[in-house]
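The values are calculated or read from the model by the stated rules, or taken from the named source; none is laboratory data. Keep in mind the model is a prediction, meaning the values are calculated, not measured. Here the Cβ is made from the backbone with ideal geometry for all residues, glycine too, and neighbour counts use every protein chain on show.
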Amino acid sequence: MREPTIFELSSPGRTGVTFPVSDVPKFDLPDDALLRKELPIPELAEVDVVRHYTHLSHYNYSVDEGFYPLGSCTMKYNPKINEDTCRLPGFLFTHPLQPIETIQGNLALMFEMQEWLKEISGFAAVTLQPAAGAHGEFTGVLMMRAYHKARGDSKRIKMLIPDAAHGTNPASAGMLGMEVVTIPSDADGNVDLTALKAACDDRVVGMMLTNPNTLGLFDQHIVDVVKLVHDCGGLMYGDGANLNALLGIVRPGDLGFDVMHFNLHKTFAVPHGGGGPGSGPVGVSKRLADFLPAPLICIQEEADEENPPLYGYETPKQTIGRMKAFHGHFGAIVRSYTYIAMHGPDGLKAISQYAVLNANYLMARLKKYYRVPFDRICMHEFVMEGRFEGTDIRALDISKRLMDYKFHPPTNYFPLIVHEALMIEPTETENKQTLDSFTDALIAIAGEAQTNPDIIKTAPHTTPFGRMDEVKAARELVLCCWLPENLPD
Amino acid sequence: MNTPANLKYTKSDEWFDAASGKAGLTDFAQSQLSDIVFVEILVSAGDKVEVGTPIASVESVKAAAEIYSPVAGKVTAVNGELAGAPETLNSDPFEAGWMIQVEGADAAGMLDAAAYEKDCEGRAH
């Protein structure tokens, strides 16, 4: 049964709040030409509002409810202890404008987080400010531009970006007016070195590369890629979206990357997907460290025998300025700090090992039934084709049918270089039984494609609303809840 | 897949009609994109375009794509109907779905229908 909208539930005169008799003089509004004549506010009792939104919340699907293999999003389980720590009163009831002497615990945590992220990534310095991944990218690209400008090198305007990249990469470079040059992938899913070589010249700002890439593949020539870009004077940007494959195994800083953003809401277990906010710290190599956003957290006075260190703020010499109010999303940083502290170095390494093992297990079980275009050992995720010879079933249909089997669908139609792409990332937090039931569902769907394709084409059958008409939804936008003629002249 | 023999093609899925000077997106590309829900023509009559200049931005339920000019020349007209009826690109990509008209352009270096079909087949697998 369809849940009515809050407007349909409205009944004139019903109310959840009784206002007292006004004890202030009545005042006529100065210019009612600026005001709407009607404002349809739903009228309901408190209990009706609570029930309505509780019903809607039951339609929701989350990682607390089931498997969520949304590729490139790292929808790992978010331990509840992180919610306890970020609500500790010392974190919750402090303000960044307080004198530093009164918020030493917060500053110590942020300082240590900077240090930990440096150790994990191999970078020389880290800012915690950026709000999330794409904001981290923008911060990183601003620093790359500032670096070239500071050297008096003004003709660099080209950003090299592989065709497998996340769309945010060209968007970040484009927002700074840079010219995006697409570098194709080769037959093994690596960066095409010949094409890269041809694009490398003295107009290159740098390259933005996700490694492992969005096919879930570690670039087998990563050292050559970095060298080609560095040799033409460019900088290497690492998109940290896929860092969950590398913890304790490979450090991007050691590979020669100059700058990378972390997604705390992916790799380090901050809830995301409607539950934000995220957090996108950025690490940089030595030559970019002076350009970091200000302020960074530093030790202002070293510890001595009687006193702990005094933590405070510092401004990098050639800073690009502030990227975010105060210190970024502090609550997210506390959650990730808790997560890293809980796991320690060996635990973090085990996270990546299990993430990679789980993805390879799924791929090994599924590749007999679905075509895997780049068939080699994958990292934390892999991409397969959602289509079957002799049928017109598409990736979207398979995803809809998976909902009948009570699984969140994988990422659809990305990366763009794979036909009918289904991008699957199990993460390390899933056990073998879950992985088996997910693969069993996909294998069953591959069977249905031959025996009963209609049940896939018309799926989902068990959800409250069935198959949505996404074409109609996109072509016939209705973006407000009352009609334009009711608006003031 | 429909590939009229009188047109020339690019590997990035644009077509050009030397007789009329019109250019647009191929039938193969629209079938790969599936239902197109948004079109924005990025150039205006009077603009000069080069080979590779972005001329339109297209969104389907699957993906977003940039469409590039297959030829160099001066734009004499753009198809103003498309923005209000993006589905035209699915139903009639070579006629009503034209995007821009260019004067003084030639199709040098473009693929003929047979070569384009072969290129598409290579990509479908």
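Key figures for this structure:
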| quantity | calculated |
| --- | --- |
| Selection from segment B:56-92 of residues that are over 17 Å from B:Glu40 (Cβ atoms), within 14 Å of chain A (Cβ to nearest Cβ) and either surrounded by 15 or more Cβ atoms within 10 Å (Cβ to Cβ) or in contact with a helix residue (DSSP H, G or I) (Cβ under 7 Å, 6 or more places away or on another chain) (or both) | B:Lys62 |
| Within segment A:27-49, tally of residues that are out of contact with any Leu (no Cβ under 8 Å at 6 or more places or on another chain) and at pLDDT 90 or above | 5 |
| Qualifying positions in segment A:119-131 - under 17 Å from A:Gly238 (Cα atoms) and surrounded by 23 or more Cβ atoms within 10 Å (Cβ to Cβ) | A:Ile120, A:Ser121, A:Phe123, A:Val126, A:Thr127, A:Leu128, A:Pro130 |
| Matching residues in segment A:226-256 - criterion: being within 19 Å of A:Ile157 (Cα to Cα), out of contact with any Lys or Arg (no Cβ under 9 Å at 6 or more places or on another chain) and of a type in the set (A, V, I, L, M) | A:Val226, A:Val229, A:Met236 |
| Filter result for the condition that a residue is of a type in the set (Ser, Thr, Tyr) and over 30 Å from A:Gly167 (Cα atoms), over A:Ser72, A:Ser22, A:Ser62 | A:Ser22 |
| Some residue of segment A:144-167 being within 15 Å of the chain's Cα centre (by Cα) and of a type in the set (Val, Ile, Thr) | no |
| Test: A:Asp436 is more than 29 Å from A:Val250 (Cβ to Cβ) and within 12 Å of chain B (Cβ to nearest Cβ) | no |
| Any hit, segment A:264-286, residues being surrounded by fewer than 17 Cβ atoms within 10 Å (Cβ to Cβ), at pLDDT 95 or above and polar (S, T, N, Q) | no |
| Members of segment A:402-428 found to be crowded, with 20+ Cβ neighbours inside 10 Å, more than 14 Å from chain B (Cβ to nearest Cβ) and among the hydroxyl-bearing types (Ser, Thr, Tyr), listed by number | A:Thr427 |
| Hits in segment B:5-20 (condition: of a type in the set (S, T, N, Q) and either out of contact with any strand residue (DSSP E or B) (no Cβ under 9 Å at 6 or more places or on another chain) or within 14 Å of chain A (Cβ to nearest Cβ) (or both)) | B:Ser12 |
| Helices (runs of 4 or more DSSP H) lying entirely in segment A:63-157 (those with 1 or more residues that are in contact with a His (Cβ under 8 Å, 6 or more places away or on another chain), modelled with pLDDT of 95 or more and over 30 Å from A:Ser399 (Cβ atoms)) | A:104-121, A:133-150 |
| One residue from A:Lys368, A:Lys349 being of a type in the set (Lys, Arg), away from chain B (no Cβ under 14 Å) and part of a loop (DSSP other than H, G, I, E, B) | A:Lys368 |
| Hits in segment B:93-109 - residues which are surrounded by 15 or more Cβ atoms within 10 Å (Cβ to Cβ) and either modelled with pLDDT of 95 or more or in contact with a helix residue (DSSP H, G or I) (Cβ under 8 Å, 6 or more places away or on another chain) (or both) | B:Pro93, B:Phe94, B:Gly97, B:Trp98, B:Met99, B:Ile100, B:Gln101, B:Val102 |
| Counted residues, segment A:373-401 - those being more than 11 Å from every other protein chain (Cβ to nearest Cβ), farther than 16 Å from A:Asp188 by Cβ and not in a loop (DSSP other than H, G, I, E, B) | 6 |
| Failed criterion for B:Val43 (all others in (1) free of Cβ contacts under 8 Å to residues at least 24 places away in the same chain; (2) farther than 17 Å from B:Asp17 by Cα hold) | (1) |
| Residue satisfying all of: in segment B:21-55; within 14 Å of chain A (Cβ to nearest Cβ) and hydrophobic (A, V, I, L, M, F, W, C); surrounded by the fewest Cβ atoms within 10 Å (Cβ to Cβ) among these | B:Phe38 |
| Test: residue in segment B:71-91 that is touching a Pro at 6+ places or on another chain (Cβ under 9 Å) and touching a residue at least 24 places away in the same chain (Cβ under 8 Å) | no |
| Failed condition for A:Gln114, given (1) over 21 Å from A:Phe268 (Cα atoms); (2) of a type outside the set (A, V, I, L, M); (3) away from chain B (no Cβ under 14 Å) | (1) |
| Meets criteria (surrounded by 12 or more Cβ atoms within 10 Å (Cβ to Cβ), more than 14 Å from every other protein chain (Cβ to nearest Cβ) and out of contact with any strand residue (DSSP E or B) (no Cβ under 8 Å at 6 or more places or on another chain)) for A:Ala473 | no |
| Residue ID - surrounded by the fewest Cβ atoms within 10 Å (Cβ to Cβ), chosen from residues in segment A:437-463 that are within 16 Å of A:His408 (Cβ to Cβ), of a type in the set (A, V, I, L, M) and without any contact (Cβ under 8 Å) to a residue 60 or more places away in the chain | A:Ala441 |
| Restricting segment A:74-102 to residues that are among the acidic types (Asp, Glu) and touching a residue at least 12 places away in the same chain (Cβ under 8 Å), the residue that is surrounded by the most Cβ atoms within 10 Å (Cβ to Cβ) | A:Glu83 |
| Candidate set: segment A:354-379, residues that are modelled with pLDDT of 95 or more and among the aromatic types (Phe, Trp, Tyr); chosen: the one nearest to the chain's Cα centre (by Cα) | A:Tyr354 |
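This table checks each residue for (1) in a loop (DSSP other than H, G, I, E, B); (2) touching a Cys at 6+ places or on another chain (Cβ under 9 Å); (3) in contact (Cβ under 8 Å) with a residue 60 or more places away in the chain.
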| site | (1), (2), (3) |
| --- | --- |
| A:Gly248 | yes, no, yes |
| A:Gly278 | yes, no, yes |
| A:Ala289 | no, no, yes |
| A:Ala294 | yes, no, no |
| A:Asp304 | yes, no, no |
| A:Asn307 | yes, no, no |
